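Presented below is the structure to which this report refers.
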Amino acid sequence: MTESHLFRALWVMMIGLFLIVVDSTIVAVANPVLKNEFGVDYDSVLWATSGYLLAFAGLLLVGGRLGDRFGTKYIYLLGLAIFSGASVWCGLSTSLTMLTAARVVQGIGAALLAPQIFSTITRTFPSDRRGMAMAVWGATTGVGLFVGPILGGVLIDELGWQWIFLVNAPIGVVGIALAVWLVPALAGRHLRFDLLGVLLSGTGICLIVYGLQEGENAQWSAWIWVVIICGLALITAFFGWQAVHPNEPLVPVALIAHRNFVLSNAGIALASFTFVAFVIPLMIYLEEVRGLPPVRAALLTAPIAIATVVLAPVVGRLVDRVHPRPIVIVGFALLAVALFWLASDMRTGTPLWRLMLPLVVVGAAGALTWEPLAVIASRALPADLAGAGSALCNTARHLGAVLSSAGTAALMAALLGDELSRGALAEAMSQSMLLPAIAAAVGFLTALFLVRRERSPTVARAPDRPLSREVSVSR
């Protein structure tokens, strides 16, 4: 298969990736509308986002292993079909409970399709060409995060909130048809599924997120802390089980032996936490404090997407020539500075044009973090563990997002209390912006520990090239 064919297949798979990334932020612009539509508080509304992200993060490891077992193409198609069908259910929902349930099913579909994209890149592109492939992946991820609010604002203003979900169905159908035609069918292999690992990780994640999001409503009672501690204990037990599991663990020890792989996943989680956490208070500030309609509020984030799109191909070429470590360091530094800047400017009387300046820096930081981190992770990834490794990368990204949603909900509830005046709301959203800013600063510190050359661990690994029995690139 030629390189042009590989990139054609990659762009087709970007349809699925774009849809699932957009759906992690598109509801942010609809939160005030959904709050009024269903007559609930913000904490309840945020479950529509958290439910999606929770199912997504909790099942990604399973999705990656299913791709290893049955082939990436077929699990991708199944995931996109489930996601598209659940999108119709979301659009037809008549209650917040119904919408949240449909969003959970959406998350299941997303968990099946997302790992197959990263795995396909790792298994088909040689390491010296993954920079451009990951530029496509990173740009789609970054743009999807920021296009979500813009697209959501337009659809809500023109057609109603239901269409932020219904629009996924026809796009999904086109994506399925093109994937059947153009995406290569990579061979699967026989695997035994780690059912205990699935139970431990999924339950642990659910308990932690539930405790964080419901903590303020329960006034951080003792039972909330018991739920969170039980979740942490289950996650600890999960990693202990992975270390001794004799057959096919969800997280093979060979992956954990790679320092850069572990650190790049930590960076991916922190980047995801940051980008999702900052959108929620920003949209509430623009719509509730400044009184902007959803479409105008969303359009103010356009500089983020533009900066990401412009820089993504430049960064993609750069990481094929130099080590991505310094790029990631600069990206996280810019991101932290931009968010602290944004927090200081979110006041009732700040000119709106002043907010666009730090937003441009946020977009540039997106291009400087997503792609280089993905390249570092893929270069440390053994080809025979592509499915498990890609699932872990995606799990890190979406676990960061779901913890972000839950953490932001808890912080906002604590800061707001019963005070809903414009001044108090502006102050609460400004202080909420400090949470993603601190996460970006931690990402900067994490990137400092990445290494340019990593000594090969003692575990066996496959060569860092395409699998000869699957797809080769014509040079």
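The values are calculated or read from the model by the stated rules, or taken from the named source; none is laboratory data. The model shown is predicted, which means the values in this text are computed figures rather than measured ones. Every residue, glycine among them, receives a Cβ derived from its backbone with ideal geometry; neighbour counts consider all protein chains shown. Protein only, heavy atoms only, side chains kept; ligands, DNA and RNA dropped before computing areas. Shrake-Rupley method; radii C 1.70, N 1.55, O 1.52, S 1.80 Å.
How would Arg8, Arg290 rank on accessible area, largest to smallest, probe 1.4 Å?
Numbers: Arg8 110, Arg290 60 Å².
So the residues, ranked largest to smallest area, are Arg8, Arg290.
Let me cross-check Leu232: its accessible surface, 1.4 Å probe, with only protein heavy atoms counted, in Å² to the nearest 10?
90 Å²
Say each of Val173 and Arg452 gets a label point 7 Å from the Cα, pointing the same way as Cα to Cβ; how far apart are those two points in nm?
The two pseudo-label positions are separated by 5.4 nm.
Using 7 Å Cα-to-Cβ label points, what is the Val310/Leu196 separation (nm, one decimal)?
5.5 nm
Specify the angular offset, from 0 to 90 degrees and rounded to the nearest 10, of the alpha carbon long axis of helix 222-244 from the longest principal axis of the alpha carbons in the chain.
The angle comes out near 10 degrees.
What's the angle, to the nearest 10 degrees (0 to 90), between helix 130-158's Cα axis and the longest principal axis of the chain?
30 degrees
Suppose a student asked you for the relative contact order of the chain, using Cα pairs under 8 Å spaced at least 6 residues apart; what percent would you report? Show your work: numbers first, answer last.
Details: 907 pairs, mean separation 127.3, N = 475.
Relative contact order, the chain: 27 percent.
If you roll a 1.4 angstrom probe over the protein chains with everything in place, what fraction of the accessible area of the chain belongs to carbon and sulfur, to the nearest %?
Working: 11760 of 17280 Å².
Here carbon and sulfur together make up 68 percent of the probe-accessible area.
Any idea what angle helix 168-182 forms with the longest principal axis of the chain, computed on alpha-carbon atoms, 0 to 90 degrees, nearest 10?
That works out to roughly 10 degrees.
Nothing charged except the Cβ atoms of Lys and Arg (+1) and of Asp and Glu (-1): what's the magnitude of the dipole of the chain about its Cα centre? Round to the nearest 20 debye. If you can, show how the numbers build up before the last one.
Working: 29 positive and 25 negative charges, 370 e Å.
It comes to approximately 1780 debye.
If packing is taken as the mean number of other Cβ atoms within 10 Å per residue, what is the order of 48-57, 422-431, 102-111, 73-82, highest first? Kindly include the intermediate steps, with their values, before the conclusion.
Details: 48-57: 26.9, 422-431: 17.9, 102-111: 25.0, 73-82: 21.6.
Highest to lowest by the protection proxy: 48-57, 102-111, 73-82, 422-431.
Rank these by accessible area, largest first, 1.4 Å probe: Phe239, Phe273, Phe83.
The ordering from most to least exposed comes out as Phe239, Phe273, Phe83.
Roughly how far apart, in whole Å, are the Cα centres of segment 297-372 and segment 198-259?
Segment 297-372 and segment 198-259 have Cα centres separated by 32 Å.
Suppose the chain between Ser344 and Phe7 were pulled fully straight at 0.36 nm per residue; how much longer would it get relative to their current alpha carbon spacing?
Numbers: separation 337, 0.36 × 337 = 121.32 nm, distance 4.23 nm.
Here the answer is 117.1 nm.
Sort Met98, Met14 by accessible area with a 1.4 Å probe, largest first. Provide the component values of the computation, followed by the final result.
Details: Met98 65, Met14 10 Å².
Accessible-area ranking of Met98, Met14, largest first: Met98, Met14.
Can you figure out the FRET efficiency of Val40 with Val88, using R₀ = 30 Å and their beta-carbon distance, to the nearest 0.05?
On the way: r = 23 Å, r/R0 = 0.76.
Taking R0 as 30 Å, the efficiency between Val40 and Val88 is 0.85.
So if I place +1 on the C-beta of Lys and Arg and -1 on the C-beta of Asp and Glu, and nothing else carries charge, what would the dipole magnitude of segment 20-71 be about its Cα centre? I want it in debye, nearest 20. The partial results should precede the final answer.
Working: 3 positive and 5 negative charges, 50 e Å.
Here the size comes out at about 240 debye.
With the other protein chains left in place, how much accessible area per residue, in square angstrom, belongs to segment 250-378 at a 1.4 angstrom probe?
Details: 3960 Å² over 129 residues.
Per residue, segment 250-378 has an accessible area of 31 Å².
Net charge near Trp163, counting Lys/Arg +1 and Asp/Glu -1 over other residues with Cβ under 15 Å of its Cβ?
Details: positive: none; negative: Asp23, Glu37, Asp157, Glu158.
Residues near Trp163 contribute -4 overall.
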